[in-house]
Amino acid sequence: MIRMKTRTIKQTVMFPTNPHEIFEMWIDSEKHALFTGGAAEIGREVGSGFSTNDGYSTGMTLELVPDKRIVQTWRANDWPPGHYSTITIKLTAVKGNTKLNFVQKGVPLEQYEEIRQGWYTYYWDPLREIFESKGQKT
């Protein structure tokens, strides 16, 4: 196993929709591909693997609590072989919106800033745009 310096990313984002919609966008292959713009294959059970963004990111689902929590191993295809981070997504309903708390442990130090910004560029901003364009507020 390769030893490397890593960092943890912590982000909190609000979305104008309910937790169920965010949960489904994350674990449904077609919906995930809709907002990221890249092919996605995501299993809906604990222990199933996933590939998103045309194979850029892969991993395995470790925990699913519908509409509340998702835990997955996650790696980018340009990371050292065998190195995975762990992402945790916690969804909370807040006054007709959803607060998403995101933590990613084990991000290689050299790619920390790129990955940190990438969550906004490829995930949080496009997701927000989808729900804002729908005018959806449940």
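Bear in mind that the values in this text are calculations on the coordinates, not laboratory data. Keep in mind that this is a model prediction, so the values were computed, not measured. Every residue, glycine among them, receives a Cβ derived from its backbone with ideal geometry; neighbour counts consider all protein chains shown.
For the cross-link pairs LYS5/LYS95; LYS105/LYS134; LYS10/LYS68, the ones whose C-alpha atoms lie over 29 Å apart are LYS5/LYS95; LYS105/LYS134.
As a rough footprinting exposure proxy, the listed residues SER51, SER85 were ranked by other beta carbons within 10 Å of their own, and the order from fewest upward is SER51, SER85.
Over every Cα atom in the chain, the radius of gyration and the widest Cα-Cα span, Dmax, amount to 14.5, 48 Å.
Report the gain in length on full extension from LEU109 to VAL65: 0.36 nm times residue separation, minus Cα-Cα distance, nm rounded to one decimal. Display every interim value, and only then the final one.
Details: separation 44, 0.36 × 44 = 15.84 nm, distance 3.00 nm.
Extending this stretch completely gives an extra 12.8 nm.
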